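Please treat every number below as a calculation from the coordinates, not as lab data. Note that the structure is a prediction, hence the values are computed from the model and not measured. For neighbour counting, all protein chains shown are included, and Cβ atoms are generated from backbone atoms with ideal geometry for every residue, glycine included.
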Amino acid sequence: MENMKIYEAARGVPQEALKTIQAGRLKGMSDINPMFRIKRLTELFGPCGVGWWYEITGKEITFDEITNQKCAFVDINLYYTDPETGHDSHAIPGTGGASFVATERNGPYMSDECYKMALTDAISVAAKALGIAADVYYKNDRSKYTRDTVAAEPLPDDALKPGEKMDLPPAGSWNPMNAASLWCKNNGVKISDLNNMRTALIAGKIIPNIDVNQLTPEQFDELVNAVKANYPDALRKTA
């Protein structure tokens, strides 16, 4: 089979399968209807379970102690049968995630569909490797779409400039969770990534292992300084 044959057949996305994300950190980017991917896989290879299929290789719930939220993750292997040769493909891995318990405006919300959404996400990740919806993901290689993915948003007006210190709440209202969220916002870091970096710094005995909810302002500063020293490339460069 010609190397690019499946990719070229799979790359396009009809406008009716796209929806512009209106809010959040992905605002302005395109959300692809998950059923479009199922349709495209079926068009290319045949019905699910016959021409293409997947196996679930792992499921887990992960707790993030900084945000006090839980997420579900699903790992899959996607397979297909080459329509020209009849040979089955090797495994195409995909990992997807979705919130299990999220902190919302009105309090914690538990989703009973988190594994289903994580599975859908995992299929989309694996399908991407075949070129499905490539025109949306890879704007430099597009043949039809030019506006589905927008450039990175400019820095917020309240972003920290080099040398500036973060304005923390008064001592009487100190909340390390709020401080972490504000710091992440101003430095372009995901809260989950900050938690992962903190875990690695604790494992390396660079900072003490203290419950994040019990961090004092001084200990939070120690965490921030350790992140800056050990993970400088993870921070957004402010002008």
Exercise. In the range 171-234, how does Rg compare with the Kirkwood Rh, expressed as the Rg/Rh ratio over alpha carbon atoms?
Worked result: 0.93
Exercise. Along the range 34-43, what does the Karplus equation 6.51 cos²θ - 1.76 cosθ + 1.60 (θ = phi - 60°) give for ³J(HN,Hα), rounded to whole Hz, x for Gly and Pro?
Worked result: x, 5, 4, 5, 4, 4, 5, 4, 5, 4
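Do any of K19/K116; K116/K185; K128/K228; K185/K228 go past 24 Å between their Cα atoms, and which? Show your work: numbers first, answer last.
On the way: K19/K116 20 Å; K116/K185 29 Å; K128/K228 33 Å; K185/K228 15 Å.
Going by Cα-Cα distance, K116/K185; K128/K228 fall outside the 24 Å limit.
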Problem set entry | Inter-site label distance for I38 and K190 at 7 Å from Cα along Cβ, in nm | 2.6
Exercise. Which of the listed residues, N196, V212, L223, is farthest toward the dipole's positive end in the range 171-234, when Lys, Arg count +1 and Asp, Glu count -1 at the beta-carbon?
Worked result: N196
Problem set entry | Per-residue HN-Hα couplings for the range 118-133 [Karplus 6.51, -1.76, 1.60; θ = phi - 60°; Hz; x = Gly/Pro] | 5, 5, 4, 5, 5, 4, 5, 5, 5, 5, 4, 5, 8, x, 5, 6
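Show me the ranking of peptides 77-83, 227-233, 4-10 by mean Cβ neighbours inside 10 Å, starting with the highest. Each step should come with its number before you reach the end.
Details: 77-83: 16.7, 227-233: 12.7, 4-10: 15.0.
Output ranking for 77-83, 227-233, 4-10: 77-83, 4-10, 227-233.
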Exercise. Taking 0.36 nm per intervening residue step and subtracting the Cα-Cα distance, what contour gain separates T62 from A9 on full extension?
Worked result: 15.4 nm
